[in-house]
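Scroll down for the structure; my scribbles are underneath it.
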Amino acid sequence: MNRVISKQSDWDELIRFIANGKLTPVIGKEMYKFRQDGELQSIESYLSQQLLQQSGVSDATAMSLSDAVDFLGYEKGRKPREIKSTLISIEEEIAFDFPLISEFLQIKDLNYFVNTSVYNSVLEKLLHHSRQQEVSSVNFSLNEPFTDSTNLDKLTGPFVFNVFGSLQKTVDPALGQEDMLEYAGNFKEKMAAAINIGNALKNRNLLFLGCAFPDWMMHFTLRLLSNEPMHEWGDNRTIIVVNDNTAYREKLSDKLKNYDVITYEGNTADFVEELSRQWQQKNPEEEKKKNIFLSYTRADTTIVENLKQALEGMGGVNCWYDNRELEPGDNWLEKIVVSIRKADFFLPIISENSLQHKDGYVHKEWAQGQTEWVYRNSTKNSGNYLIPVVVDNSDANSDSISEFFDGDINRIKIAGGNPDNEFLTKMKATLTRAT
């Protein structure tokens, strides 16, 4: 009975749901993949490894986060509050790039999100940076007061419902599989008072996106969040289920084949990319300025200001650097990583000052820029992203520069940060070609 997304009309239907405010995405752990050394890594695996390592466990094999929590509790006798405290400290240090979620959040017509992970700060921080709006949220909890949201049909900003709680210090999240079962068992009763949240689940089409749970939990979660018997799916709304091609999906497919549900044959990342492309195609924005990240040391402030003025003087360019853009209270590392990722071009300003600046952040920026260049060049053939600029008498081909940047990367000499017309002409042509 289930239908597979295969035709343009299927995508058109999804875009209509989004435009009419009739689609609620349910975000699962397969969406939480961060980019490291040019590859996508699972945040679940990362948190599990870090949790075991920081708990002094070296004799355990790779396992999911919930399995790691259960292992520490049952096998190692760790108290729940100790496990939670360790996870909070790990989560607070997360400053990775999450391309799947970032791309999905570009669909600006989506404002209401159901989150099935407990590391909700990742989603909420990315929402805040993407929308430049405050993010409101409600955390489901068994032991803490659980309040309803405002009328979600009148949202003016993003809202997140964390269905398995949150690592926030005042909330007890569902970390292990037993916790998840307790949450699921009490969900319907506690949700009775949450009219607005319940209506957003009951009256909208649901997109389960990357929600890979253990076999026993997957069926339970689909049934609970859909808020109606599965044999009635399709009567009044549409249910879409998208997962990576794993053993979880194979087992789930056997169950879903008898229900009126829409599935997708590709992976979660493929679906997000295509849905984002389809939405952007139907919602073209005005041409945006190209963003150039200038990475420099404070001793070269005058030089970088010269270069910024010359580049912005071409038109259609915005140069980002921390002297102007960071506000009091901003998380430096978080904002820098996001800005480097979003930039169309990364220009490290190389001089004797920056090469010797061992105790500052400039070399961390360079490492992040190099990582971004490796990723883009391997996936999009975007070799022009990284353009090292030497602004003094430093040897552009010296080993000290090669320590930071691949020898195949062309280095430009611009004395004093004052580019000539030839450089600006080439740069303008490169900007025009950038996608």
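The values are calculated or read from the model by the stated rules, or taken from the named source; none is laboratory data. Everything numeric here is computed off the predicted structure, so don't read it as measured data. Note that we place each Cβ from the backbone using ideal geometry, even for glycine, and neighbour counts take in every protein chain shown. Each accessible area value is taken on the protein alone, full model and side chains, heavy atoms only, with ligands, DNA and RNA left out. Shrake-Rupley method; radii C 1.70, N 1.55, O 1.52, S 1.80 Å.
Out of region 150-167, which residues are without any contact (Cβ under 8 Å) to a residue 60 or more places away in the chain and surrounded by fewer than 19 Cβ atoms within 10 Å (Cβ to Cβ)?
Within region 150-167, 150, 151, 154, 155, 156, 157 qualify.
Out of region 71-89, which residues are among the basic types (Lys, Arg), open to solvent by 30 Å² or more (accessible area, probe 1.4 Å) and under 18 Å from residue 171 (Cβ atoms)?
Within region 71-89, 79, 81 meet the criteria.
Name every residue in region 254-275 that is more than 18 Å from residue 18 (Cβ to Cβ) and open to solvent by less than 50 Å² (accessible area, probe 1.4 Å), in order of residue number.
Across region 254-275, the qualifying residues are 256, 261, 263, 266, 269.
With the structure loaded, tell me whether residue 179 is crowded, with 20+ Cβ neighbours inside 10 Å and more than 20 Å from residue 241 (Cα to Cα) or whether it fails that test.
It is true that residue 179 is crowded, with 20+ Cβ neighbours inside 10 Å and more than 20 Å from residue 241 (Cα to Cα).
Mind checking which pairs have a first residue in region 125-148 that is over 19 Å from residue 225 (Cβ atoms) and open to solvent by less than 40 Å² (accessible area, probe 1.4 Å) and a second that is outside any helix (DSSP H, G or I) and among the charged types (D, E, K, R), Cβ under 8 Å, 6 or more apart or different chains?
131/108
Please pick out the residue among 21, 38, 56 that is on the phi > 0 side of the Ramachandran plot, modelled with pLDDT under 85 and of a type in the set (Gly, Ala, Ser).
38
So that you can scan it fast, the table gives a plain yes or no per residue for (1) modelled with pLDDT of 80 or more; (2) in contact with a strand residue (DSSP E or B) (Cβ under 8 Å, 6 or more places away or on another chain); (3) acidic (Asp, Glu):
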site: 222; (1), (2), (3): no, yes, no
site: 231; (1), (2), (3): no, no, no
site: 248; (1), (2), (3): no, no, no
site: 262; (1), (2), (3): yes, yes, no
site: 269; (1), (2), (3): yes, yes, no
site: 274; (1), (2), (3): yes, no, yes
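Kindly list, by first and then second residue, each pair from a residue in region 390-416 that is under 13 Å from residue 354 (Cβ atoms) to a residue that is among the basic types (Lys, Arg) and open to solvent by 50 Å² or more (accessible area, probe 1.4 Å), limited to pairs with Cβ atoms under 9 Å and residues at least 6 apart or on different chains.
From region 390-416, the pairs are 390/413; 391/413.
Residue under question is residue 282, and the condition is that it be touching a strand residue (DSSP E or B) at 6+ places or on another chain (Cβ under 8 Å) and either surrounded by 13 or more Cβ atoms within 10 Å (Cβ to Cβ) or closer than 30 Å to residue 241 by Cα (or both); does it hold?
no
Give me the pairs: first residue in region 48-63 and farther than 18 Å from residue 77 by Cβ, second residue assigned to a loop (DSSP other than H, G, I, E, B), beta-carbon distance under 8 Å, and six or more apart or on different chains, which are they?
Pairs that qualify, where the first residue is farther than 18 Å from residue 77 by Cβ and the partner is assigned to a loop (DSSP other than H, G, I, E, B), are 48/62; 48/63; 48/64; 49/62.
Any residue at all in region 70-77 that is of a type in the set (Ser, Thr, Tyr) and within 21 Å of the chain's Cα centre (by Cα)?
No, region 70-77 has no match at all.
Condition (residue is of a type in the set (A, V, I, L, M, F, W, C), touching a helix residue (DSSP H, G or I) at 6+ places or on another chain (Cβ under 8 Å) and closer than 16 Å to residue 29 by Cα) applied to region 140-148: is it met by at least one residue?
No, the conditions are met nowhere in region 140-148.
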